[in-house]
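One structure is given below, encoded as structure tokens.
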Amino acid sequence: MTETEHIATARGVNLGISTKFAMEIARFVRGKSLVKAKKELNGVLEQKIAVPFKRYNFDLGHKRGASGPGRYPIKATKEILLLIESAEANAENKGLDKELLVVQNVIANKGTTQVRAGRKRARHAKRTHVQVILIEKEKKKEEKPKEQKKEKGKK
């Protein structure tokens with residue numbers, strides 16, 4: 001089997017979300033299992049779990065559920081959650097086991113600049129490219145428990 005048989009991806013091109021928020025959400029879900037990542041992103045949408053901001057955190061207050069400054073970026077979270085679900089569907093189409101999927105990487109890059117009309121000056125629209133990569137981890141082999149040696153009791 002080749003390496004690409006265990007990988008499923010999804011890409012969003014020129015999404016209308018903040019690149020900074022997308023980068024923080026990407027850091028938040030990277031390396032987690034698919035089930036846990038989806039659960040935590042749904043918690044962000046319900047504003048129960050805050051996304052911890054590590055880089056873009058100037059003048060940002062601490063939030064409950066985050067170990068420091070954080071926010072609830074609803075719009076960006078919805079878009080990334082849709083991409084994760086799309087990658088999950090791609091994995092199911094490939095025949096990968098849903099329980100073993102892990103979010104290997106979420107990559108957020110700045111998209112193309114689009115100029116919107118403004119009164120005296122142009123305004124630039126927020127655009128972000130996001131790529132989600134899911135990988136299937138191998139099942140851990142269950143080892144039989146070793147029998148403990150019975151010690152003979154002293155009489």
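Data table
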read-out: Note, ³J(HN,Hα) from phi for region 111-125, Karplus 6.51, -1.76, 1.60, rounded to Hz, x at Gly and Pro; value: x, 5, 7, 10, 9, 9, 5, x, 6, 10, 9, 7, 10, 9, 7
read-out: In degrees, nearest ten, helix 19-29 long axis to first principal axis of the chain (Cα); value: 10
read-out: Helix-only [θ]222 nm of the chain, DSSP H runs n ≥ 4, -39500 (n - 2.57) each, per residue, nearest 500; value: -9000 deg cm²/dmol
read-out: Distance violations [Cα-Cα > 19 Å] among K48/K126; K78/K126; K39/K78; K94/K137; value: K48/K126
read-out: Neighbour-limited loop hits for trypsin sites (Lys or Arg not before Pro), region 41-108 (at most 12 other Cβ within 10 Å; DSSP other than H, G, I, E, B); value: K48, R55, R64
read-out: Which label in (i) 192; (ii) 108; (iii) 126 gives the computed volume of the Cα convex hull per residue in Å³; value: (i)
read-out: Lys/Arg +1, Asp/Glu -1 at C-beta; region 3-136 dipole; positive extreme among G12, I49, G70; value: G70
read-out: Percent RCO, i.e. relative contact order, over region 9-139, from Cα pairs under 8 Å lying at least 6 residues apart; value: 38
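Only the coordinates and a few stated rules stand behind these numbers; no lab work does. This is a predicted model, so every value here is computed, not measured. Don't worry about glycine lacking a Cβ; one is built from the backbone with ideal geometry, like all the others, and counts go over all protein chains shown.
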